[in-house]
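Working notes, structure below.
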Amino acid sequence: MELKQWFEKGLTAEQYIDGMNVNKESMLSIYEGFTLSEEEKNELQPHKGKGLKAIVLTEDWCGDAKLNNPVLLKIAEEIDMEVRFVLRDSNLELMDQYLTNGTSRAIPIFVFLNKDGEEYGVWGPRASRLQELVTERRAALPDKEDPSFEEKQKALYKELGKAYETDSSLWHSVAGSIIETLVKK
């Protein structure tokens, strides 16, 4: 299937949010709390009304998606970009075209399309600042064989999830990273 067809197959933001069973409140909280800075808006202006579209490969249980998806929606509103959500687990044919490091089905992945429906850019699954944060925190975990590993890993993900929900500097790191992908074209 061509990217245009995947876009048409995707769910609108409203359909995706209505169907969410996990992280819905957190995602909506971020969406309601996040506002693009004037600098971010200025960087986006050349792309306003250019007919860009975005396909979001995602799942509602994904912690990174609860942070990244609402930030993308705010960017989309700013530049009049249509967004469609495609669920990763039931669309592996598309997902497998956008593997992280060639092997991982990490999400979310944003596939940006130009007005002709051709790939314009790809972003995801994390902004570099967030990847550094996750990598640093994971490095502090004990070995997987350690009896406390699972408990400490769960605590780490809970801590990161809370930071994702409350730290607006992380929200702006995501926005900056997405904007960088959009403006480099």
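General observations
- Size of electric dipole in the chain: Cβ of Lys, Arg +1 and of Asp, Glu -1, about Cα centre, debye, nearest 20: 180 debye
- Degrees, to the nearest 10: 149-166 long Cα axis against longest axis of the chain: 40 degrees
- Per-residue [θ]222 nm for the chain (sum of -39500 (n - 2.57) over DSSP H runs n ≥ 4, rounded to 500): -16000 deg cm²/dmol
- Placed amide H near ALA54: partners under 5 Å, 5+ positions off or other chain: GLU82, VAL83, ARG84, LEU113
- Cross-link partners for LYS50 among the lysines, with Cα-Cα distance under 21 Å and sequence neighbours closer than 8 places in the same chain left out: LYS4, LYS41, LYS74, LYS115, LYS184, LYS185.
- The chain, accessible area per residue, ligands and nucleic acids excluded (1.4 Å, Å²): 53 Å²
- Anisotropy class of region 1-77 from Cα gyration tensor, a/c 1.5 cut: oblate
- One entry in (i) 18.3, 62; (ii) 16.3, 48; (iii) 16.5, 54 is Rg and Dmax of the Cα atoms in Å calculated from the shown coordinates; its label is (iii).
- Counting only DSSP beta bridges whose two residues both lie in region 1-149, roughly 65 percent are antiparallel.
- The angle between the Cα long axis of helix 63-79 and the main principal axis of the chain comes to about 20°, on a 0 to 90 degree scale.
- Of all accessible heavy-atom area on the chain, the percent that carbon and sulfur account for (1.4 Å): 45 percent
- In degrees, nearest ten, helix 24-33 long axis to first principal axis of the chain (Cα): 60 degrees
- Within straight-line cross-link reach of LYS9, aspartates and glutamates at Cα separation under 19 Å, skipping those fewer than 8 residues along the same chain: ASP18, GLU59, ASP60, GLU82, ASP89, GLU93, ASP96, ASP116, GLU118, GLU119
The values are calculated or read from the model by the stated rules, or taken from the named source; none is laboratory data. Predicted model only: the values in this text are computed from it and were never measured. Cβ coordinates were reconstructed from backbone atoms using ideal geometry, including for glycine residues, and neighbour counts include every protein chain displayed. Each accessible area value is taken on the protein alone, full model and side chains, heavy atoms only, with ligands, DNA and RNA left out. Shrake-Rupley method; radii C 1.70, N 1.55, O 1.52, S 1.80 Å.
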